[in-house]
1. Which number comes out as Rg/Rh for the range 103-297 once both Rg and the Kirkwood Rh are worked out on C-alpha atoms?
2. Ignoring ligands, DNA and RNA, what percent of the accessible area of the range 349-571 is carbon or sulfur (1.4 Å)?
3. Could you work out the Rg to Rh ratio of the range 349-571, with Rh taken as the Kirkwood radius (inverse of the mean 1/r over all Cα pairs)?
4. Can you list the residues, at least 5 places off or on another chain, whose amide H is less than 5 Å from the amide H of residue 436, using H built in the peptide plane?
5. Explain nothing, just the number: dipole magnitude of the range 322-407 about its Cα centre with +1 on each Lys and Arg Cβ and -1 on each Asp and Glu Cβ, in debye rounded to the nearest 20.
6. Given H placed 1.01 Å from N in the peptide plane, which residues other than close sequence neighbours of residue 105 have an amide H under 5 Å from its amide H?
7. Can you tell me the length gained on complete extension of the stretch residue 326 to residue 353, counting 0.36 nm per residue apart and subtracting the Cα distance?
8. Cα centroids of the range 94-130 and the range 225-291: how far apart, whole angstrom?
Amino acid sequence: MVLEPEKADLEAASHVPQDIDGPVTHPGVSTTKDGELDSSKREETDEDSIHSHSSLGTIEPVPQETEAPQRSKSKSSSVRSRPLSIIPRSKRRGLFARFTIIPEVERPYDYKRSTKWLITLQVALAAAAAPMGSAILLPALPQLAIDLHSTPTITNLSVAMYMLSMSIFPLWWSSFSETLGRRTIYLVSFALFALWNIVSAVSTSMGMLIVMRMLGGGASASVQAVGAGTIADIWEVRERGKAMGIFYLGPLLGPLLAPIIGGVLSQAWGWRSTQWFQVIYGGVLLIILTFCLPETLAVKQPAIPPTQPTDEKSVRPALTRVSTRQSVQMKTKKVAKVLKRCFIDPLSVLLYLRFPAVLITVYLASITFGSLYMLNIAIQQTFSEKPYNFKVIILGLLYIPSSLGYLAASVLGGRWSDYIMHREARAAGRYDEQGKLMFRPEDRMRENAWIAAAIFPGALIWYGWAADKGIIWIVPIISNFFFGVGSMVVFGLATTMLTEFMPKRSSSGVAVNNFIRNIFSCVAGIIAQPLIAAIGVGWLFTGLAIICWVSAFSVVWAMRKYGPKWRISMDEKLRM
(Lines give C-alpha, C1' and ligand atoms only; values in the text may rest on other atoms or scores of the structure.)
Protein backbone atom coordinates (compact mmCIF):
# COMPACT_ATOMS: atom_id res chain seq x y z
CA MET A 1 0.00 0.00 0.00
CA VAL A 2 1.48 3.35 -1.03
CA LEU A 3 0.74 6.07 1.48
CA GLU A 4 0.16 9.72 0.57
CA PRO A 5 3.25 11.92 0.66
CA GLU A 6 3.69 14.32 3.57
CA LYS A 7 2.80 17.98 3.26
CA ALA A 8 5.24 20.04 1.29
CA ASP A 9 6.59 21.98 4.21
CA LEU A 10 7.22 18.86 6.31
CA GLU A 11 8.81 17.14 3.33
CA ALA A 12 11.18 20.05 2.83
CA ALA A 13 12.06 20.27 6.49
CA SER A 14 12.71 16.56 6.87
CA HIS A 15 14.57 15.95 3.60
CA VAL A 16 17.90 15.50 5.29
CA PRO A 17 20.90 13.24 4.95
CA GLN A 18 20.69 11.09 8.03
CA ASP A 19 22.69 8.71 10.19
CA ILE A 20 24.72 11.32 12.00
CA ASP A 21 25.74 8.57 14.37
CA GLY A 22 26.72 6.38 11.46
CA PRO A 23 30.03 5.86 9.74
CA VAL A 24 32.30 8.86 9.36
CA THR A 25 35.60 9.19 7.58
CA HIS A 26 38.62 8.35 9.72
CA PRO A 27 42.27 8.86 8.88
CA GLY A 28 43.78 5.57 7.89
CA VAL A 29 40.45 3.97 6.91
CA SER A 30 40.30 3.60 3.14
CA THR A 31 37.10 4.00 1.16
CA THR A 32 36.24 3.34 -2.44
CA LYS A 33 35.07 6.11 -4.70
CA ASP A 34 31.96 5.77 -6.80
CA GLY A 35 33.92 5.58 -10.00
CA GLU A 36 35.98 2.68 -8.72
CA LEU A 37 33.03 0.35 -8.21
CA ASP A 38 32.82 -2.79 -10.24
CA SER A 39 30.12 -2.47 -12.86
CA SER A 40 28.69 -5.89 -12.10
CA LYS A 41 27.85 -4.69 -8.60
CA ARG A 42 25.92 -1.62 -9.71
CA GLU A 43 22.69 -3.47 -10.37
CA GLU A 44 22.00 -4.51 -6.77
CA THR A 45 18.64 -3.88 -5.19
CA ASP A 46 17.86 -0.85 -3.02
CA GLU A 47 17.19 -2.78 0.14
CA ASP A 48 20.59 -4.42 0.31
CA SER A 49 22.62 -1.55 -1.06
CA ILE A 50 21.37 1.83 0.07
CA HIS A 51 23.06 3.49 3.00
CA SER A 52 21.01 3.77 6.15
CA HIS A 53 20.21 6.97 7.97
CA SER A 54 18.76 8.12 11.27
CA SER A 55 16.46 11.04 11.89
CA LEU A 56 18.83 13.83 12.90
CA GLY A 57 20.79 16.10 10.62
CA THR A 58 21.08 19.58 9.21
CA ILE A 59 17.76 20.60 7.67
CA GLU A 60 18.13 21.74 4.09
CA PRO A 61 15.52 22.78 1.53
CA VAL A 62 14.57 20.25 -1.12
CA PRO A 63 15.50 21.14 -4.71
CA GLN A 64 12.46 21.90 -6.81
CA GLU A 65 12.21 18.81 -8.97
CA THR A 66 9.37 17.08 -10.69
CA GLU A 67 10.73 13.64 -9.87
CA ALA A 68 13.03 11.94 -7.41
CA PRO A 69 16.73 12.70 -7.77
CA GLN A 70 18.75 10.36 -9.94
CA ARG A 71 19.91 7.47 -7.78
CA SER A 72 23.59 7.11 -7.38
CA LYS A 73 25.20 4.06 -8.83
CA SER A 74 27.31 3.59 -5.75
CA LYS A 75 26.09 0.97 -3.37
CA SER A 76 27.13 0.43 0.20
CA SER A 77 27.24 -3.30 -0.17
CA SER A 78 29.50 -3.00 -3.18
CA VAL A 79 32.02 -0.76 -1.48
CA ARG A 80 35.17 -2.65 -0.68
CA SER A 81 35.61 -3.62 2.92
CA ARG A 82 37.40 -1.02 4.97
CA PRO A 83 40.45 -2.19 6.89
CA LEU A 84 39.77 -2.21 10.61
CA SER A 85 41.53 0.50 12.54
CA ILE A 86 42.37 -1.61 15.60
CA ILE A 87 43.16 0.15 18.86
CA PRO A 88 46.30 -1.15 20.63
CA ARG A 89 45.69 -3.21 23.76
CA SER A 90 47.32 -0.62 25.98
CA LYS A 91 44.81 2.03 24.84
CA ARG A 92 41.62 -0.02 24.91
CA ARG A 93 38.81 1.24 27.14
CA GLY A 94 36.89 -0.51 29.88
CA LEU A 95 37.71 -2.85 32.76
CA PHE A 96 40.24 -5.58 31.90
CA ALA A 97 40.15 -4.45 28.27
CA ARG A 98 43.56 -6.02 27.59
CA PHE A 99 42.00 -9.48 27.89
CA THR A 100 39.45 -9.11 25.08
CA ILE A 101 39.76 -11.54 22.19
CA ILE A 102 37.69 -9.32 19.88
CA PRO A 103 39.70 -6.11 19.46
CA GLU A 104 38.31 -2.64 20.01
CA VAL A 105 38.22 -0.57 16.81
CA GLU A 106 37.79 3.11 16.03
CA ARG A 107 34.65 2.53 13.95
CA PRO A 108 32.42 -0.29 15.26
CA TYR A 109 30.39 -0.11 12.02
CA ASP A 110 33.47 -1.54 10.26
CA TYR A 111 33.38 -4.87 12.12
CA LYS A 112 32.73 -7.88 9.92
CA ARG A 113 29.14 -9.08 9.95
CA SER A 114 30.15 -12.27 11.75
CA THR A 115 31.76 -10.20 14.51
CA LYS A 116 28.70 -7.98 14.79
CA TRP A 117 26.46 -11.01 15.18
CA LEU A 118 28.79 -12.47 17.81
CA ILE A 119 28.60 -9.24 19.82
CA THR A 120 24.83 -9.16 19.35
CA LEU A 121 24.56 -12.75 20.62
CA GLN A 122 26.56 -11.94 23.75
CA VAL A 123 24.43 -8.90 24.53
CA ALA A 124 21.24 -10.90 23.88
CA LEU A 125 22.32 -13.61 26.35
CA ALA A 126 23.15 -10.93 28.90
CA ALA A 127 19.76 -9.31 28.33
CA ALA A 128 18.08 -12.61 29.24
CA ALA A 129 19.30 -12.38 32.84
CA ALA A 130 16.88 -9.71 34.06
CA PRO A 131 13.59 -11.17 32.72
CA MET A 132 14.80 -14.63 33.72
CA GLY A 133 15.08 -13.43 37.31
CA SER A 134 11.50 -12.16 37.29
CA ALA A 135 10.00 -15.25 35.64
CA ILE A 136 11.98 -18.05 37.26
CA LEU A 137 10.11 -17.69 40.55
CA LEU A 138 6.60 -17.62 39.05
CA PRO A 139 5.95 -21.39 39.25
CA ALA A 140 7.41 -21.48 42.79
CA LEU A 141 5.37 -18.63 44.29
CA PRO A 142 2.93 -20.94 46.17
CA GLN A 143 5.88 -22.93 47.54
CA LEU A 144 7.71 -19.72 48.46
CA ALA A 145 4.70 -18.38 50.40
CA ILE A 146 4.54 -21.57 52.50
CA ASP A 147 8.29 -21.75 53.16
CA LEU A 148 8.65 -18.11 54.28
CA HIS A 149 5.24 -17.96 55.98
CA SER A 150 3.78 -15.25 53.75
CA THR A 151 0.54 -14.48 51.90
CA PRO A 152 0.12 -14.71 48.10
CA THR A 153 -0.13 -10.91 47.79
CA ILE A 154 3.10 -10.32 49.73
CA THR A 155 4.79 -13.10 47.81
CA ASN A 156 3.90 -11.38 44.54
CA LEU A 157 5.85 -8.37 45.81
CA SER A 158 9.05 -10.34 45.24
CA VAL A 159 8.20 -10.15 41.55
CA ALA A 160 6.70 -6.65 41.57
CA MET A 161 9.61 -5.03 43.43
CA TYR A 162 12.03 -6.82 41.12
CA MET A 163 10.31 -5.13 38.18
CA LEU A 164 10.40 -1.77 39.97
CA SER A 165 14.16 -2.02 40.39
CA MET A 166 14.46 -2.86 36.70
CA SER A 167 12.76 0.46 35.94
CA ILE A 168 14.92 2.66 38.18
CA PHE A 169 18.46 1.30 37.93
CA PRO A 170 18.80 1.53 34.12
CA LEU A 171 18.61 5.33 34.41
CA TRP A 172 21.95 5.25 36.23
CA TRP A 173 23.45 2.48 34.12
CA SER A 174 22.54 4.36 30.94
CA SER A 175 23.94 7.65 32.21
CA PHE A 176 27.21 6.11 33.40
CA SER A 177 27.64 4.13 30.17
CA GLU A 178 27.89 7.35 28.16
CA THR A 179 31.09 8.27 30.04
CA LEU A 180 32.46 5.01 31.47
CA GLY A 181 31.65 3.00 28.36
CA ARG A 182 29.47 -0.05 27.74
CA ARG A 183 32.02 -2.71 28.73
CA THR A 184 32.66 -1.38 32.23
CA ILE A 185 28.93 -1.25 32.96
CA TYR A 186 28.43 -4.84 31.80
CA LEU A 187 31.22 -6.23 33.95
CA VAL A 188 30.36 -4.29 37.10
CA SER A 189 26.64 -5.01 36.86
CA PHE A 190 27.03 -8.76 36.36
CA ALA A 191 29.52 -9.07 39.19
CA LEU A 192 26.89 -7.43 41.43
CA PHE A 193 24.16 -9.62 39.94
CA ALA A 194 25.98 -12.79 40.97
CA LEU A 195 26.66 -11.40 44.46
CA TRP A 196 23.06 -10.37 45.23
CA ASN A 197 21.68 -13.68 44.00
CA ILE A 198 23.98 -15.54 46.40
CA VAL A 199 22.43 -13.58 49.27
CA SER A 200 18.92 -14.19 47.86
CA ALA A 201 19.54 -17.93 47.86
CA VAL A 202 20.26 -17.92 51.59
CA SER A 203 17.47 -15.49 52.59
CA THR A 204 15.67 -16.31 55.82
CA SER A 205 12.69 -13.95 55.51
CA MET A 206 10.45 -12.50 52.84
CA GLY A 207 11.72 -8.99 53.52
CA MET A 208 15.33 -10.06 53.04
CA LEU A 209 14.46 -11.89 49.83
CA ILE A 210 12.57 -8.92 48.37
CA VAL A 211 15.45 -6.50 49.07
CA MET A 212 18.11 -8.81 47.65
CA ARG A 213 16.02 -9.52 44.56
CA MET A 214 15.53 -5.79 44.04
CA LEU A 215 19.30 -5.30 44.08
CA GLY A 216 19.86 -8.28 41.78
CA GLY A 217 17.19 -7.10 39.35
CA GLY A 218 18.66 -3.60 39.31
CA ALA A 219 22.11 -5.00 38.54
CA SER A 220 20.98 -7.22 35.67
CA ALA A 221 18.78 -4.45 34.26
CA SER A 222 21.86 -2.67 32.92
CA VAL A 223 21.51 -4.57 29.66
CA GLN A 224 17.93 -3.38 29.22
CA ALA A 225 19.26 0.10 28.41
CA VAL A 226 22.94 -0.36 27.57
CA GLY A 227 22.29 -3.40 25.37
CA ALA A 228 20.18 -1.45 22.88
CA GLY A 229 22.91 1.18 22.84
CA THR A 230 25.46 -1.50 21.94
CA ILE A 231 23.28 -2.64 19.04
CA ALA A 232 23.02 0.95 17.83
CA ASP A 233 26.82 1.29 18.14
CA ILE A 234 27.58 -1.50 15.67
CA TRP A 235 24.58 -1.72 13.32
CA GLU A 236 23.50 0.86 10.78
CA VAL A 237 19.85 1.93 10.63
CA ARG A 238 19.06 -0.04 7.47
CA GLU A 239 19.77 -3.32 9.31
CA ARG A 240 19.04 -2.26 12.87
CA GLY A 241 15.46 -3.55 12.93
CA LYS A 242 16.63 -7.10 12.17
CA ALA A 243 19.50 -6.83 14.65
CA MET A 244 17.21 -5.43 17.34
CA GLY A 245 14.83 -8.34 16.76
CA ILE A 246 17.64 -10.83 17.34
CA PHE A 247 18.77 -8.87 20.39
CA TYR A 248 15.25 -9.15 21.80
CA LEU A 249 15.46 -12.92 21.55
CA GLY A 250 17.59 -12.68 24.71
CA PRO A 251 14.98 -10.99 26.91
CA LEU A 252 12.41 -13.40 25.53
CA LEU A 253 14.44 -16.44 26.55
CA GLY A 254 13.52 -15.42 30.09
CA PRO A 255 9.76 -15.85 29.71
CA LEU A 256 10.32 -18.99 27.61
CA LEU A 257 12.92 -20.92 29.60
CA ALA A 258 12.80 -19.43 33.11
CA PRO A 259 9.37 -20.79 34.16
CA ILE A 260 10.32 -24.23 32.83
CA ILE A 261 13.68 -24.16 34.61
CA GLY A 262 12.06 -22.72 37.73
CA GLY A 263 9.39 -25.40 37.77
CA VAL A 264 11.90 -28.25 37.38
CA LEU A 265 14.34 -26.87 39.96
CA SER A 266 11.63 -26.02 42.50
CA GLN A 267 10.06 -29.45 42.15
CA ALA A 268 13.41 -31.18 42.71
CA TRP A 269 15.31 -28.95 45.20
CA GLY A 270 12.98 -26.15 46.29
CA TRP A 271 12.74 -22.47 45.34
CA ARG A 272 16.26 -21.61 46.57
CA SER A 273 17.77 -23.64 43.73
CA THR A 274 16.33 -21.06 41.29
CA GLN A 275 18.49 -18.37 42.87
CA TRP A 276 21.60 -20.55 42.70
CA PHE A 277 20.88 -21.12 39.03
CA GLN A 278 20.97 -17.34 38.53
CA VAL A 279 24.32 -17.17 40.31
CA ILE A 280 25.77 -19.69 37.87
CA TYR A 281 24.23 -17.94 34.87
CA GLY A 282 25.56 -14.55 35.95
CA GLY A 283 29.04 -15.96 36.63
CA VAL A 284 29.30 -17.61 33.21
CA LEU A 285 28.14 -14.41 31.53
CA LEU A 286 30.73 -12.41 33.44
CA ILE A 287 33.50 -14.64 32.09
CA ILE A 288 32.19 -14.48 28.50
CA LEU A 289 31.83 -10.69 28.56
CA THR A 290 35.28 -10.24 30.07
CA PHE A 291 37.04 -12.05 27.24
CA CYS A 292 34.75 -11.54 24.24
CA LEU A 293 33.06 -8.12 24.48
CA PRO A 294 35.02 -5.06 23.28
CA GLU A 295 34.09 -1.46 23.99
CA THR A 296 31.73 -0.21 21.25
CA LEU A 297 30.92 3.33 22.38
CA ALA A 298 32.19 5.84 19.83
CA VAL A 299 35.31 7.74 20.86
CA LYS A 300 34.53 11.38 21.53
CA GLN A 301 36.85 13.68 19.66
CA PRO A 302 38.51 16.15 22.06
CA ALA A 303 37.73 19.79 21.48
CA ILE A 304 40.59 21.76 19.91
CA PRO A 305 41.49 24.69 22.14
CA PRO A 306 41.70 28.11 20.47
CA THR A 307 45.12 29.16 19.30
CA GLN A 308 46.85 31.53 21.70
CA PRO A 309 49.61 33.99 20.80
CA THR A 310 52.96 32.60 21.84
CA ASP A 311 54.40 35.59 23.60
CA GLU A 312 56.59 35.38 26.64
CA LYS A 313 53.74 35.80 29.10
CA SER A 314 51.75 32.95 27.60
CA VAL A 315 54.75 30.64 27.59
CA ARG A 316 55.70 31.30 31.19
CA PRO A 317 52.62 32.45 33.09
CA ALA A 318 53.17 34.22 36.35
CA LEU A 319 52.77 32.12 39.46
CA THR A 320 49.67 32.96 41.44
CA ARG A 321 48.75 32.10 44.96
CA VAL A 322 45.35 30.45 45.54
CA SER A 323 43.58 31.71 48.61
CA THR A 324 41.83 29.43 51.06
CA ARG A 325 38.45 30.71 49.91
CA GLN A 326 39.29 30.01 46.26
CA SER A 327 40.52 26.53 47.15
CA VAL A 328 37.27 25.76 48.98
CA GLN A 329 35.25 27.07 46.04
CA MET A 330 37.17 24.88 43.60
CA LYS A 331 36.67 21.78 45.74
CA THR A 332 33.00 22.61 46.19
CA LYS A 333 32.54 22.86 42.43
CA LYS A 334 34.19 19.46 41.97
CA VAL A 335 31.92 17.87 44.58
CA ALA A 336 28.88 19.51 43.03
CA LYS A 337 29.91 18.20 39.62
CA VAL A 338 30.24 14.65 40.98
CA LEU A 339 26.88 14.85 42.76
CA LYS A 340 25.25 16.17 39.59
CA ARG A 341 26.76 13.32 37.63
CA CYS A 342 25.54 10.74 40.14
CA PHE A 343 22.05 12.03 40.93
CA ILE A 344 20.84 14.70 38.52
CA ASP A 345 22.11 13.50 35.15
CA PRO A 346 20.55 9.99 35.39
CA LEU A 347 17.16 11.49 36.21
CA SER A 348 17.49 14.11 33.48
CA VAL A 349 16.82 11.48 30.81
CA LEU A 350 13.17 11.56 31.93
CA LEU A 351 12.98 14.98 30.29
CA TYR A 352 12.84 13.21 26.94
CA LEU A 353 9.23 12.41 27.77
CA ARG A 354 8.40 16.05 26.94
CA PHE A 355 8.66 15.09 23.27
CA PRO A 356 5.30 13.70 22.06
CA ALA A 357 6.91 11.13 19.73
CA VAL A 358 8.89 9.65 22.64
CA LEU A 359 6.01 9.91 25.10
CA ILE A 360 3.42 8.02 23.08
CA THR A 361 5.93 5.39 21.92
CA VAL A 362 6.90 4.72 25.53
CA TYR A 363 3.25 4.70 26.60
CA LEU A 364 2.31 2.06 24.03
CA ALA A 365 5.21 -0.18 25.08
CA SER A 366 4.35 0.33 28.76
CA ILE A 367 0.65 -0.50 28.57
CA THR A 368 1.55 -3.63 26.60
CA PHE A 369 4.27 -4.64 29.07
CA GLY A 370 1.96 -4.12 32.02
CA SER A 371 -0.64 -6.42 30.48
CA LEU A 372 2.08 -9.04 29.91
CA TYR A 373 2.96 -9.22 33.60
CA MET A 374 -0.67 -9.20 34.64
CA LEU A 375 -1.13 -12.20 32.36
CA ASN A 376 1.93 -13.93 33.88
CA ILE A 377 0.52 -13.56 37.40
CA ALA A 378 -2.90 -14.74 36.22
CA ILE A 379 -1.46 -17.92 34.68
CA GLN A 380 0.16 -18.92 37.95
CA GLN A 381 -2.93 -17.92 39.96
CA THR A 382 -5.49 -19.60 37.71
CA PHE A 383 -3.86 -22.95 37.06
CA SER A 384 -2.57 -23.59 40.57
CA GLU A 385 -6.17 -23.62 41.88
CA LYS A 386 -9.41 -25.44 41.04
CA PRO A 387 -10.47 -26.76 38.59
CA TYR A 388 -6.93 -27.23 37.25
CA ASN A 389 -4.71 -27.78 40.34
CA PHE A 390 -1.51 -28.18 38.31
CA LYS A 391 1.82 -29.00 39.93
CA VAL A 392 4.74 -26.57 39.98
CA ILE A 393 6.53 -28.16 37.03
CA ILE A 394 3.36 -28.03 34.90
CA LEU A 395 2.84 -24.36 35.76
CA GLY A 396 6.25 -23.64 34.28
CA LEU A 397 5.36 -25.37 31.02
CA LEU A 398 2.22 -23.24 30.61
CA TYR A 399 4.37 -20.20 29.77
CA ILE A 400 5.76 -21.82 26.63
CA PRO A 401 3.05 -20.77 24.10
CA SER A 402 3.34 -17.05 24.82
CA SER A 403 7.12 -17.28 24.62
CA LEU A 404 6.93 -19.08 21.28
CA GLY A 405 4.87 -16.13 20.08
CA TYR A 406 7.58 -13.76 21.30
CA LEU A 407 10.24 -15.73 19.44
CA ALA A 408 8.28 -15.85 16.17
CA ALA A 409 7.55 -12.12 16.23
CA SER A 410 11.11 -11.29 17.25
CA VAL A 411 12.59 -13.10 14.25
CA LEU A 412 10.04 -11.90 11.70
CA GLY A 413 8.95 -8.58 13.18
CA GLY A 414 12.32 -6.86 12.79
CA ARG A 415 12.64 -7.87 9.14
CA TRP A 416 9.05 -6.76 8.54
CA SER A 417 9.79 -3.40 10.13
CA ASP A 418 12.93 -2.88 8.01
CA TYR A 419 10.99 -3.77 4.85
CA ILE A 420 8.25 -1.26 5.66
CA MET A 421 10.79 1.49 6.33
CA HIS A 422 12.48 0.92 2.95
CA ARG A 423 9.12 0.71 1.18
CA GLU A 424 7.83 3.97 2.64
CA ALA A 425 11.02 5.83 1.76
CA ARG A 426 10.89 4.62 -1.85
CA ALA A 427 7.16 5.29 -2.19
CA ALA A 428 7.62 8.90 -1.04
CA GLY A 429 10.67 9.35 -3.27
CA ARG A 430 12.91 10.34 -0.39
CA TYR A 431 16.39 10.26 -1.92
CA ASP A 432 19.27 12.59 -1.15
CA GLU A 433 21.61 14.14 -3.71
CA GLN A 434 23.63 10.90 -3.90
CA GLY A 435 20.51 8.83 -4.51
CA LYS A 436 20.52 7.26 -1.04
CA LEU A 437 17.25 6.53 0.71
CA MET A 438 16.38 8.75 3.67
CA PHE A 439 14.62 6.86 6.46
CA ARG A 440 12.26 8.15 9.14
CA PRO A 441 11.65 6.38 12.47
CA GLU A 442 7.87 6.85 12.32
CA ASP A 443 7.75 4.85 9.08
CA ARG A 444 8.24 1.66 11.10
CA MET A 445 4.77 2.03 12.61
CA ARG A 446 2.45 1.10 9.75
CA GLU A 447 0.26 -1.96 9.07
CA ASN A 448 2.42 -4.08 11.36
CA ALA A 449 1.45 -1.87 14.30
CA TRP A 450 -2.26 -1.93 13.36
CA ILE A 451 -2.27 -5.72 13.21
CA ALA A 452 -0.39 -6.06 16.51
CA ALA A 453 -2.76 -3.56 18.16
CA ALA A 454 -5.70 -5.72 17.18
CA ILE A 455 -4.20 -9.12 18.09
CA PHE A 456 -2.83 -8.89 21.61
CA PRO A 457 -5.88 -7.29 23.32
CA GLY A 458 -8.13 -9.85 21.60
CA ALA A 459 -5.95 -12.62 22.96
CA LEU A 460 -6.42 -11.24 26.49
CA ILE A 461 -10.21 -11.55 26.20
CA TRP A 462 -9.84 -15.06 24.78
CA TYR A 463 -7.66 -16.15 27.69
CA GLY A 464 -9.72 -14.39 30.35
CA TRP A 465 -13.08 -15.97 29.61
CA ALA A 466 -11.70 -19.40 28.71
CA ALA A 467 -9.90 -19.55 32.06
CA ASP A 468 -12.84 -18.00 33.94
CA LYS A 469 -15.20 -20.72 32.70
CA GLY A 470 -12.73 -23.51 33.51
CA ILE A 471 -12.48 -24.69 29.88
CA ILE A 472 -9.85 -27.34 29.18
CA TRP A 473 -6.39 -25.85 29.67
CA ILE A 474 -5.31 -25.98 26.00
CA VAL A 475 -7.94 -23.39 24.99
CA PRO A 476 -6.73 -20.47 27.14
CA ILE A 477 -3.09 -21.41 26.64
CA ILE A 478 -3.31 -21.25 22.83
CA SER A 479 -4.51 -17.64 23.12
CA ASN A 480 -1.23 -16.76 24.80
CA PHE A 481 0.67 -17.53 21.60
CA PHE A 482 -1.21 -14.78 19.79
CA PHE A 483 -0.69 -12.43 22.71
CA GLY A 484 3.04 -13.10 22.44
CA VAL A 485 3.09 -12.34 18.71
CA GLY A 486 1.17 -9.07 18.99
CA SER A 487 2.94 -7.75 22.07
CA MET A 488 6.41 -8.57 20.75
CA VAL A 489 5.80 -6.61 17.55
CA VAL A 490 4.97 -3.61 19.74
CA PHE A 491 8.08 -4.04 21.92
CA GLY A 492 10.40 -4.35 18.92
CA LEU A 493 8.89 -1.32 17.19
CA ALA A 494 9.08 0.86 20.28
CA THR A 495 12.70 0.04 21.13
CA THR A 496 13.98 0.44 17.57
CA MET A 497 12.12 3.71 17.03
CA LEU A 498 13.49 5.19 20.25
CA THR A 499 17.08 4.46 19.20
CA GLU A 500 16.37 6.24 15.91
CA PHE A 501 14.50 9.22 17.32
CA MET A 502 17.56 9.88 19.50
CA PRO A 503 20.52 8.38 17.60
CA LYS A 504 23.16 10.08 19.76
CA ARG A 505 21.28 9.17 22.94
CA SER A 506 20.08 5.67 22.12
CA SER A 507 20.72 4.15 25.55
CA SER A 508 18.98 7.09 27.25
CA GLY A 509 15.90 6.65 25.09
CA VAL A 510 15.70 2.95 25.93
CA ALA A 511 16.31 3.71 29.62
CA VAL A 512 13.28 6.00 29.67
CA ASN A 513 11.24 3.28 28.01
CA ASN A 514 12.35 0.69 30.57
CA PHE A 515 11.67 3.08 33.45
CA ILE A 516 8.05 3.68 32.51
CA ARG A 517 7.17 0.20 31.28
CA ASN A 518 8.65 -1.56 34.33
CA ILE A 519 6.67 0.74 36.61
CA PHE A 520 3.57 -0.44 34.73
CA SER A 521 4.64 -4.06 35.18
CA CYS A 522 5.32 -3.48 38.90
CA VAL A 523 1.84 -2.06 39.42
CA ALA A 524 0.36 -4.92 37.39
CA GLY A 525 2.14 -7.48 39.55
CA ILE A 526 0.77 -5.89 42.71
CA ILE A 527 -2.87 -5.45 41.67
CA ALA A 528 -3.32 -8.61 39.57
CA GLN A 529 -4.09 -11.05 42.38
CA PRO A 530 -6.54 -8.77 44.30
CA LEU A 531 -8.38 -7.92 41.05
CA ILE A 532 -8.64 -11.59 40.06
CA ALA A 533 -10.09 -12.37 43.49
CA ALA A 534 -12.54 -9.45 43.24
CA ILE A 535 -13.91 -9.65 39.69
CA GLY A 536 -12.41 -12.79 38.12
CA VAL A 537 -10.05 -13.21 35.18
CA GLY A 538 -12.82 -12.81 32.59
CA TRP A 539 -13.87 -9.27 33.48
CA LEU A 540 -10.32 -8.28 34.42
CA PHE A 541 -8.90 -9.05 30.99
CA THR A 542 -11.96 -7.68 29.20
CA GLY A 543 -11.39 -4.29 30.82
CA LEU A 544 -7.66 -4.48 30.22
CA ALA A 545 -8.20 -5.38 26.55
CA ILE A 546 -10.43 -2.34 26.01
CA ILE A 547 -7.77 -0.08 27.50
CA CYS A 548 -5.09 -1.67 25.29
CA TRP A 549 -7.21 -1.40 22.14
CA VAL A 550 -7.98 2.28 22.66
CA SER A 551 -4.37 3.07 23.61
CA ALA A 552 -2.73 1.16 20.76
CA PHE A 553 -5.01 2.41 17.98
CA SER A 554 -4.73 5.99 19.24
CA VAL A 555 -0.92 5.86 19.32
CA VAL A 556 -0.61 4.37 15.82
CA TRP A 557 -3.05 6.93 14.39
CA ALA A 558 -1.30 9.84 16.11
CA MET A 559 2.13 8.71 14.93
CA ARG A 560 0.85 8.41 11.35
CA LYS A 561 -0.74 11.89 11.41
CA TYR A 562 1.64 13.93 13.56
CA GLY A 563 4.85 11.87 13.64
CA PRO A 564 6.79 13.87 10.99
CA LYS A 565 5.96 17.19 12.62
CA TRP A 566 6.88 15.91 16.09
CA ARG A 567 10.18 14.50 14.85
CA ILE A 568 11.21 17.75 13.13
CA SER A 569 10.42 19.77 16.25
CA MET A 570 12.29 17.27 18.41
CA ASP A 571 15.35 17.35 16.14
CA GLU A 572 15.53 21.13 16.35
CA LYS A 573 15.28 21.17 20.16
CA LEU A 574 17.88 18.41 20.59
CA ARG A 575 20.37 20.36 18.46
CA MET A 576 20.08 23.46 20.64
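The values are calculated or read from the model by the stated rules, or taken from the named source; none is laboratory data. Since the model is a prediction, treat every value here as computed from it, not as a measurement. Positions of Cβ are generated from backbone atoms using ideal geometry, with glycine treated the same way; all protein chains shown enter the neighbour counts. Surface accessibility is based on the protein's heavy atoms, side chains included, excluding ligands, DNA and RNA. Shrake-Rupley method; radii C 1.70, N 1.55, O 1.52, S 1.80 Å.
1. Rg/Rh: 1.01.
2. C and S atoms contribute 72 percent here.
3. Rg/Rh: 1.03.
4. 72
5. In total the dipole reaches around 840 debye.
6. Amide H neighbours of residue 105, under 5 Å, 5+ apart: 87.
7. Between residue 326 and residue 353, full extension yields 5.8 nm more.
8. With the range 94-130 and the range 225-291 each reduced to a Cα centre, they are spaced 15 Å.
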